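The block underneath contains the structure these notes are about, expressed in structure tokens.
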Amino acid sequence: MKKFLFLLCFFPAVLCAGTLQIFVSEKGNDSAAGSKEAPLASLEGARAVLEKLVLQGGGKLSQSAEIVFAPGNYFFRDGALFDSKLKFSKDTPLTIRSDGTGKVYFHGGVTFSTDELKPVSDNSILSRLPPEKPEGKLYMLDLKARGVSNYGKLKKHGFGAADVSPMEVFLNGEPLYLAQYPNKGEPILEIGRVVDDGAEIGPNGKPRAVRPGAFTYEYSRAERWANLKNVWLFGKFSFGYCDDNLPVTQIDTKSKVIKLGDRHAYKIAGGRKHISKKPQYWEVAGLEVRGYVAYNMLEEADKHGEYYIDRDSGIFYVILKEVPKGVIEFSVLESPFLSIFDNDYISIKGIDFKCSRGMGIRIYESTNISVDRCDFYNLGTVAVSTWGNISSALPQRLKPRKSEGYLPITLRTSDIKITNCKIYNTGCGGVIMAGGDRKTLRNSNNLVDNCEFFRTSRVNQTYSPAVRLAGCGGTVSNCDMHDIDHMAIWYNGNDFVIRRNTFARLCDNFDDMGPIYTGRNPTERGTVISENFFTDILPKHKDSNMCGIYIDDGSGGITISRNIFCKVGNSPANSGNFFGAIYIHGGHDNHIRDNLFIDCAIWAGHHAWPDKRWSDYTVSEFGPKVKQVDANSEIYSKRYPDFKGIYGDRIPRNNYAANNRIFRSNGILAGMFTMNGNKVIQKSGVPEYEVWTLDLVKRHFGDDPFVKNLLRHHMGVRK
């Protein structure tokens, strides 16, 4: 009570100055007043002070408030929740910011000096290392002796099934990785003969009990792992767009069979030596990238940066060429650093979020939230989420409503702005941005602008995009997206704008994918993809299907205009030459116009569906989705005139390609297109560059009025 009275006495003097300011310092104390001279120590401490002042004010603040952080590291053991108990408004907003004098870090882990790493001399431990000469020495750190006992659990993940990660380790900010075989950069292991594919439907078409599955191995190395516990496999066990992490329950060295402890998302498919003489599609799709590695074994630690945590003893082991000066960090926090639930008008500025097992900021059913000049890195899931299934560490009230299903139809969430941020080294993506109303087509006005994204798929290599869009409306603009294992933007919903971004070095080790992806719902219309630059979007494997923009499984009503594609896409002849820089699978009413294609294998392609497939699709999937958003309503008819009659026996089902410019790229070889005004650029003396840049495009084609017009807007991050 005395503390509360002191606060009431102190803060009125601050309120008279205009904005209530609460100060926080790493040298502060949460029992202090919160003034600049007597700062608090944590975000939670500041939140508690605000809550008391709101209660005193009859449920609201009388004016704006700021929580101001001095430079330093702020370690979180639990996240802070700003819910409707702390209701902010346009007239009384909240800003959480740095004081501008130095870096502020929200840290979700524990740190130790690298001086605490000690070389291992115990022969019983050293004898467990692999026979190959290690790339350095084995070092150890006793975490349990230092009070760290929660190492998290390894669990099935991949193919977009994101969850908080187990403990991860970072050396001077760079991620280390669990010891594996084969080593990074070496050929992966091939799946042998499939003993049990784990499929829910048997060869006779009847349902079967769910089983984890099993397959043979054809190498001797696995016998080193037979008596080990907690061995895991990571790889692509069927299609080339689906990764998985699966536990091993048994390695039978007599029959050479690996038995799994959980089932793959699809049924397991064998390697090259074990496909049928007349293989079905699922047997060969993604075959060139199919395979796996085994990990989480001290017995395979031989390369610099490989580590293993003995969860029984609490000892951390790592192979290092040498021990650098600096710090080693272990992620601990599972909840978001900051959760905003049913609240409005909150800004977060100038803060770095780092080293956690979960996400940076969780926003739900809120409006007018901005995140500006913040960096997010070394997180186990994503930087910012306004939706999604990454919910196991969230309070129950913040978890998605079951009635909404996987994708939101109606959300209050709107006017969320993520600007001027750098997001990298995250586990399961960058930003999950959902909002608006798909029934009424109310636009969310959400925005991701002037941000850089790279390496956003450390934990889940597939379906971990830089930006995930859902709902109705929202813009992604002037962002750089590069060096991501799989897709860069994945969208489901209506009326998005994706413009003036750059895309480079994406999706290179997968099959049947592209940097911008959508699919499986023709009611999701109205998105415009314009004025973007795509370059160096090529797979490592010559037989992999790859594109720049992928409209999948019957989706349509998308406009692709004024983009530049350079060396984008791969379309193996044995796959039917459907894939191009732009690929449409089944859908129609897509408009491709005023784009420039340079050195692309094929500039566009369409895999047309027969009427029977459309008829079946309408019954099984499309029909229910139409009802879900009442897409036969007058609202949809006015917004999307071409949507009327989309299902049924409508013929023809055309896409449209008009006024595009093509240089050294093959034309459309498959599909149904209405073509008009597309022209081949006739120009000699242009080198065949390994990588095209915007400067090179300008150098060789900038005198062409068409190209000059494309280049007049800045693409990518504004410096």
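Taken together, the values in this text are just the output of simple stated rules run on the coordinates, not laboratory data. Because the structure is predicted, anything quoted here is derived from the model rather than measured. Every residue, glycine as well, gets a Cβ built from its backbone with ideal geometry; the counts of neighbours run over all protein chains shown.
Some values worked out for this structure:
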{"item": "Label-point separation, residue 62 to residue 630 (7 Å along Cα→Cβ), nm", "result": "4.5 nm"}
{"item": "Rounded if a/c under 1.5, otherwise prolate or oblate - segment 473-570, Cα gyration tensor axes", "result": "oblate"}
{"item": "Separation of the residue 85 and residue 273 label points, Cα + 7 Å toward Cβ, nm", "result": "6.2 nm"}
{"item": "Unsatisfied cross-links (Cα-Cα over 30 Å) in the set 118/153; 256/277; 277/540; 156/439", "result": "156/439"}
{"item": "Positive minus negative residues near residue 369 (Lys, Arg vs Asp, Glu; Cβ under 9 Å)", "result": "-1"}
{"item": "log10 of Debye I(q)/I(0), alpha-carbon scatterers only, for segment 152-272 at 0.10, 0.22 Å⁻¹", "result": "-0.34, -1.49"}
{"item": "Rounded, prolate or oblate (a/c below 1.5 giving rounded, otherwise prolate when a/b exceeds b/c) for the chain by Cα gyration tensor", "result": "oblate"}
{"item": "Residue exposure sequence - 546, 513 - by fewest surrounding Cβ within 10 Å", "result": "513, 546"}
{"item": "Chain lengthening between residue 483 and residue 505 when straightened (0.36 nm per residue, less Cα-Cα)", "result": "7.4 nm"}
{"item": "Lysine pairs with alpha-carbon atoms under 24 Å apart, segment 544-719, spacing 8 or more or separate chains", "result": "18"}
{"item": "Positive-end extreme of charge dipole, the chain - chosen from 496, 691, 548 (charges on Cβ)", "result": "496"}
{"item": "Residue 221 paired with residue 195, simple spin-label distance in nm, labels 7 Å along Cα-to-beta-carbon", "result": "2.0 nm"}
{"item": "Segment residue 611-residue 150, length gained on full extension (0.36 nm per residue, minus Cα span)", "result": "160.4 nm"}
{"item": "By average C-beta atoms within 10 angstrom, highest first, the peptides 664-673, 299-308, 610-619, 131-140", "result": "299-308, 664-673, 131-140, 610-619"}
{"item": "Protection proxy ranking of 480-491, 343-354, 78-89 - average other beta-carbon atoms within 10 Å, highest first", "result": "480-491, 343-354, 78-89"}
{"item": "Whole-angstrom gap from segment 182-251 to segment 664-719, using each part's C-alpha centre", "result": "44 Å"}
{"item": "Viscosity 1.567 mPa s, 4 °C: Kirkwood-radius Stokes-Einstein D of segment 333-499 over Cα pairs, µm²/s", "result": "85 µm²/s"}
{"item": "Alpha carbon centroid spacing (whole Å) that separates segment 533-567 from segment 22-77", "result": "48 Å"}
{"item": "Residue-span extension gain [residue 325 to residue 684] - 0.36 nm each, minus C-alpha spacing", "result": "123.8 nm"}
{"item": "Sum of -39500 (n - 2.57) over DSSP H runs of 4+, divided by residues of the chain (222 nm, nearest 500)", "result": "-2500 deg cm²/dmol"}
{"item": "Shape category assigned to segment 283-346 from the gyration tensor of Cα positions, a/c cut at 1.5", "result": "oblate"}
{"item": "Pairs beyond 24 Å (Cα-Cα), from 259/542; 144/354; 85/349", "result": "259/542"}
{"item": "Straight-distance crosslink candidates among lysines, where the alpha carbon sits under 20 Å from residue 278 and sequence neighbours closer than 8 are dropped", "result": "267"}
{"item": "Per-pair calculated FRET efficiency, R0 = 60 Å: residue 620 and residue 718 via Cβ, rounded to 0.05", "result": "0.85"}
